[in-house]
Amino acid sequence: MSNSAVEITLLGRTYSIACPKGREDALRTVAREVESQLTTLKSRTNNLSREELAIMAALNIGNELFEEKQKNKQYMAQMDERISLLQATLETSLVERSRKDD
């Protein structure tokens, strides 16, 4: 898959980022979210450098990702449990049905 260049702006600076074709809109959406995080952090803490703001935003976004992964793991565990229960119920029903047919 080939790449295309996408221009994004973060804290007033424009960057040209290589992006796989077809993923440009996703990159722009992520860039808007990062810009939002950076702007919020900058408004709360005017004395941080760009680098410090970027690190804080990365940590915040990383924390959000971690929390979503944890939720996903919990959801998958719940689904596995429900599937196991459904399988057991079906197996029980099939066994009972086969006994009635005998």
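In this simple spin-label model, placing a label point 7 Å from the Cα along the Cα-to-Cβ direction at both Arg13 and Thr45 gives a separation of 1.8 nm. Expressed as an acute angle from 0 to 90° and rounded to the nearest 10, what is the orientation of the C-alpha long axis of helix 24-44 relative to the principal long axis of the chain? Once rounded, the angle reads 60 degrees. Near the amide H of Val6, within less than 5 Å, lie the amide hydrogens of Ile17, Ala18, Cys19, all on another chain or at least 5 residues away, with H placed in the peptide plane.
On a full-extension model of 0.36 nm per residue, what is the gain between Gln78 and Leu65, subtracting their alpha-carbon distance, rounded to one decimal in nm?
So the chain would gain 2.7 nm between Gln78 and Leu65.
The Arg28 and Leu90 beta-carbon pair, evaluated with R₀ = 41 Å, returns a calculated FRET efficiency of approximately 0.35. Helix 50-101 and the longest principal axis of the C-alpha atoms of the chain enclose an angle of approximately 10°.
Which value at 222 nm does the chain reach when only helices count, each DSSP H run of 4 or more adding -39,500 (n - 2.57), with the total divided by all residues and rounded to the nearest 500 deg cm²/dmol?
Details: 2 runs with 73 residues, N = 102.
Mean residue ellipticity at 222 nm (helix-derived): -26500 deg cm²/dmol.
Since every read-out is calculated from the coordinates, none of them should be taken as a lab result. Please read all numbers here as calculations on a predicted model, not as lab measurements. Backbone-built Cβ (ideal geometry, glycine too); neighbour counts: all protein chains shown.
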